[in-house]
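Everything on this sheet refers to the single structure shown next.
The values are calculated or read from the model by the stated rules, or taken from the named source; none is laboratory data. Quick caveat: nothing in here was measured; it's all calculated off a predicted structure. Note that each Cβ is placed from the backbone with ideal geometry, even for glycine, and that neighbours are counted across all protein chains shown. Quick note on the areas: whole protein, heavy atoms, side chains included, nothing else; ligands and nucleic acids left out. Shrake-Rupley method; radii C 1.70, N 1.55, O 1.52, S 1.80 Å.
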Amino acid sequence: MIIAGCGPTGAMLAAELRLHDVRVLVLEKETEPVSFVRIVGLHIRSIELLAMRGLLERVLERGRRRPAGAYFAAIDKPAPEGLDTAHPYLLGIPQPVIVQLLEQHAIALGAQVRRGAAVTAVEQDDAGVTVALADGEQLRAGYLVGCDGGRSTVRKLLGVGFPGEPSRTETLMGEMAVGVPHEEIAAKVAELRETHQRLDIRPFGEGMYRVVIPAVGVGNRAQPPTLDDFQQELRAIAGTDFGVHSPRWLSRFGDATRLAERYRVGRVLLAGDAAHIHPPIGGQGLNLGVQDAFNLGWKLAAQVRGWAPDTLLDTYQDERHPVAADVLDVTRAQMELLSAEPGPRAVRRLLTELMGFDEVNRHLAEKIAAIGIRYDFGAGHDLIGRRLRDIDVKQGRLYGLLRRGRGLLLDRTERLTVGGWADRVDYLGDPTVELDVPCVLLRPDGYVAWIGEDQQDLDGHLSRWFGRPAG
């Protein structure tokens, strides 16, 4: 198996494949990890997935918890009470740190990572994929997954369409020192944010400030902005540049929004930013990619190991493409609500009022946190197709039982069995008093595949998700 790109999506996917003993080579075109310290936010569902694989404690040591509210278009509302999770918070963490932790996790499980290895050509046949590198080397694997970012070489080589909208606006972001008192900055920002929602200047420790400022026009995203760019934009909006100096890092981002037409072409698949890009408002980009990896990993491993049902790998696109489309719409809406135009400002005031109702606030919070997702597994109990939160079980916590990336049957009746699927699905009888249904079958990614108490019905669903029984 070859993965192009060792960002968070590629590293997470490599680790998921290694849980099933699939040989994995990750090719990263950059020779060194990213050096600038951009902070990203891990939302509830991503935090749950890290807990599911035993990674959360390591990540918590390097991150900073914040309340899970006020993230829809930066509208200042608290998180709704009683969110259906054991982790009702957002975790801020430097992007290089989370990438390093995920890469280390993948390597510890046996994945190989090669840096300075840029993919230049891809050919596939019925038996596998041939990947050519910039230095002329050719590699052969059963499958290739492009996790190589928004400018994905793999996607372009496949000829997969990437429809959507180009950037219409641009925002500059960086960390730098300032030359005026904090009180002066805070007062000016509070005044300006009445009409400039995309402006933000706040302390970031060690005498540094995080500066986010809208730019005039759209520049070349391949080139980082300069300190002079920040000074010019600050003077244009605030009438002063606050004496900014000594930048730690500077970057720019646009509001381009695009979604790949297909996630799979034969033996080549796309995940993360290679499959979808959108503005960072709401902070869902990294989370969406990591969740792609979790959905794809066990399915691709099943294909490689030879037990996947015929349609299992196709469910990756069936499930994740609509999720990405919804995220893109949510970010489009949020970008409109950041506009300084009178119409969007009026809509923002109305939505701020509506978010005072718990149902509205909860719905939007669950969208951002990705805990409201329901995959279409067919008719049945309301939990079917939804993830199960980390409940108490007699052996500790539910997610602790999913660390090996296998399916799990929770059987309160203690009358059922996983039978010939025991090499792929674990069993826990009399699991917990928190369940109000007789039995639950969980996929390796923690989503509920079946609820019931009939063995024959269970066997049918085990076959649907885990193939033919052994023997």
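Of the residues making up the stretch 238-260, those that are touching a Gly at 6+ places or on another chain (Cβ under 8 Å) and over 26 Å from Val178 (Cβ atoms) are Ala256, Thr257, Arg258, Leu259, Ala260.
Does the stretch 388-397 contain at least one residue that is open to solvent by less than 10 Å² (accessible area, probe 1.4 Å) and in a strand (DSSP E or B)? So far as the stretch 388-397 goes, no, none of its residues is open to solvent by less than 10 Å² (accessible area, probe 1.4 Å) and in a strand (DSSP E or B). Residue by residue through the stretch 20-38, note down the ones that are on the phi < 0 side of the Ramachandran plot, among the acidic types (Asp, Glu), in a loop (DSSP other than H, G, I, E, B) and modelled with pLDDT of 95 or more. Residues satisfying the conditions do not exist here.
Within the stretch 67-104, take every residue that is in contact with a strand residue (DSSP E or B) (Cβ under 7 Å, 6 or more places away or on another chain) and more than 30 Å from Asp358 (Cβ to Cβ) and give me the one that is most open to solvent (accessible area, probe 1.4 Å). Only one residue fits best here, namely Gln95.
From the list Arg210, Arg258, Arg252, the lone residue that is at pLDDT 90 or above, crowded, with 17+ Cβ neighbours inside 10 Å and part of a strand (DSSP E or B) is Arg258.
Being of a type in the set (D, E, K, R) and modelled with pLDDT under 90 is the filter; apply it to the stretch 149-174 and report the residue that is farthest from Val99 (Cα to Cα). Looking at residues that are of a type in the set (D, E, K, R) and modelled with pLDDT under 90, I get Arg168. Go through the stretch 213-249 residue by residue and tally those that are closer than 28 Å to Asp273 by Cβ, part of a strand (DSSP E or B) and of a type in the set (Ser, Thr, Tyr). Qualifying residue count, the stretch 213-249: 0.
Hey, could you check the stretch 119-146 for residues that are crowded, with 17+ Cβ neighbours inside 10 Å and farther than 23 Å from Leu313 by Cα and say which is farthest from the chain's Cα centre (by Cα)? It comes out as Leu133. Selection of first residues in the stretch 376-399 that are closer than 14 Å to Gly429 by Cα and of second residues that are among the polar types (S, T, N, Q), restricted to Cβ pairs under 8 Å at least 6 apart or on distinct chains, gives the following pairs, ordered by first then second residue: Asp392/Thr432; Val393/Thr432; Lys394/Thr432; Leu398/Thr432.
Restricting attention to the stretch 16-66, the residues being open to solvent by 30 Å² or more (accessible area, probe 1.4 Å) and either among the hydroxyl-bearing types (Ser, Thr, Tyr) or under 19 Å from Arg362 (Cβ atoms) (or both) number 3.
Residues being hydrophobic (A, V, I, L, M, F, W, C), in contact (Cβ under 8 Å) with a residue 24 or more places away in the chain and farther than 18 Å from Met173 by Cα are represented in the stretch 254-263 by at least one member.
Annotation note: Cβ proximity below 8 Å between a residue of the stretch 335-364 that is open to solvent by 40 Å² or more (accessible area, probe 1.4 Å) and a residue that is of a type in the set (Val, Ile, Thr) (sequence gap 6+ or interchain) occurs for Glu336/Val347; Ala340/Thr195; Arg345/Thr195; Thr352/Ile75; Leu354/Val360. Taken over the stretch 279-310, the residue count meeting the criterion of being open to solvent by less than 20 Å² (accessible area, probe 1.4 Å) and among the basic types (Lys, Arg) is 1. When the test is whether a residue is in contact with a strand residue (DSSP E or B) (Cβ under 6 Å, 6 or more places away or on another chain), open to solvent by 50 Å² or more (accessible area, probe 1.4 Å) and either of a type in the set (Lys, Arg) or within 14 Å of Met335 (Cα to Cα) (or both), Arg202 passes it.
Inside the stretch 311-334, residues that are of a type outside the set (Gly, Ala, Ser) and open to solvent by 30 Å² or more (accessible area, probe 1.4 Å) make up a count of 9.
Residues checked against (1) farther than 28 Å from Tyr316 by Cβ; (2) in contact with a Phe, Trp or Tyr (Cβ under 7 Å, 6 or more places away or on another chain); (3) of a type in the set (Lys, Arg):
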residue: Leu408; (1), (2), (3): no, no, no
residue: Arg412; (1), (2), (3): yes, no, yes
residue: Asp423; (1), (2), (3): no, no, no
residue: Gly467; (1), (2), (3): no, yes, no
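For the stretch 86-100, filtering for residues that are of a type in the set (A, V, I, L, M, F, W, C) and in a helix (DSSP H, G or I) leaves 3. Within the stretch 147-180, being open to solvent by 30 Å² or more (accessible area, probe 1.4 Å), farther than 24 Å from Asp229 by Cβ and outside any helix (DSSP H, G or I) holds for Asp148, Gly159, Phe162, Pro163, Gly164. When restricted to residues that are within 21 Å of the chain's Cα centre (by Cα) and either assigned to a helix (DSSP H, G or I) or on the phi > 0 side of the Ramachandran plot (or both), the stretch 101-118 contains 7.
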